[in-house]
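Sharing a structure here in structure tokens format.
The values are calculated or read from the model by the stated rules, or taken from the named source; none is laboratory data. Computed from a prediction, not measured in an experiment: that's the story for all the values here. Here the Cβ is made from the backbone with ideal geometry for all residues, glycine too, and neighbour counts use every protein chain on show.
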Amino acid sequence: MHSMAAEYSQSASMSSMARIRLNTADGGLSAVSPLARVAGFATASAMLLAGCGGARTLPQSTQISESAQIGQAAAINIDTLQGRWRITTFDGVTPENTGDKPRGPSISFIGATYSADSGCNALSGLAALNGTRLYTMPGLQTEIGCQGPLLKQEATLVALLHAAPQIAIDQQGEITMTGGGHEVRLQRDAGAASRVAKPATAPIKPDTQFQIDAVDGASVRSSDKSESLSLAFGRANWLVQTACATLTGKWSQQGTTLETSQIVLERRRCKIDDEHIRQAVNSVFASSPTVASGPNGEIILAGGGHWVSGFRADKN
């Protein structure tokens, strides 16, 4: 990998660039479609392979939900979520499940990953909690022919998880997740809680590169390398390259928080308009985002109402 200094020098030498120091986040995306990238998650593999045979990418639909007012909420963090949660209602309706799943629909959080059971199919992915929103990078989903209420439950759960839902826990310890036009309520499965590991997001190693696959859940992958998005971490600096801009800054990691500062934007002329992508990426890094990493090189950075996700470059 080229050194960070070399990359900065090369970017700064381009005559068409305008150099701007950014103090606050700007702009935002409103409509998104989910990341349709199948990625293995070790924590969910046993559930996904048990009698379901096969996997598929998730459907391309949903939008980011607006903030919801959900009663009086207790404090919530990623540690609070750890464990298995039974789904008690889908949009106010008691769930159904297939006969071979007596425990019913559920969502489990293990470290930075989630696995969910709609009552028919199972799905999994990477998750980052920032404030009261849960940002996800969908992974594997089993494919069973669901019908009637089971099909509706699955569609509800997929839309919800893709919408970066609002999440709140009330004084009785029950969770409400709201997003994508849906509401799901959950209760902790106390019997399963003791078998769940504590969360762990591995520290980002200096001199690591990632390919950004999605911004706000919408795929940004391109066969044209000049239009692809990349993220590189040096020992003290980070750098994001989009088709039309370079963003740089300082970084350090404190647990699940990526502390960022001294953000600089360099624009350049290009053949496409990626202003909405640049605005979202800048909003993420200007917010000192939450970071979550998966076992196979996956990464999510979430903050400022936006999120980016991708894979370590050597995993693509």
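Restricting attention to the range 159-201, which residues are modelled with pLDDT under 90, under 22 Å from THR256 (Cβ atoms) and assigned to a helix (DSSP H, G or I)?
Scanning the range 159-201 gives a single hit, ALA193.
Right, TRP307: part of a strand (DSSP E or B), under 20 Å from GLY139 (Cβ atoms) and out of contact with any Asp or Glu (no Cβ under 6 Å at 6 or more places or on another chain) or not? Talk me through it step by step, then tell me what you get.
Details: part of a strand (DSSP E or B): yes; under 20 Å from GLY139 (Cβ atoms): yes; out of contact with any Asp or Glu (no Cβ under 6 Å at 6 or more places or on another chain): yes.
Judged against the criteria, TRP307 is a match.
Separate question: How many of the residues in the range 203-240 are touching a helix residue (DSSP H, G or I) at 6+ places or on another chain (Cβ under 8 Å) and under 15 Å from ILE272 (Cβ atoms)?
3
Based on what the data block shows, is ILE300 farther than 19 Å from ASN77 by Cα and either of a type in the set (Val, Ile, Thr) or buried (at least 20 other Cβ atoms within 10 Å of the Cβ) (or both)?
No, not satisfied.
One line per residue, one yes/no per condition, for (1) in contact with a Lys or Arg (Cβ under 8 Å, 6 or more places away or on another chain); (2) under 19 Å from GLY181 (Cβ atoms); (3) modelled with pLDDT of 90 or more:
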position	(1), (2), (3)
ASP79	yes, no, no
SER124	no, no, yes
ALA127	no, no, yes
THR132	no, yes, yes
TYR135	no, yes, yes
GLY148	no, no, no
GLN153	no, yes, yes
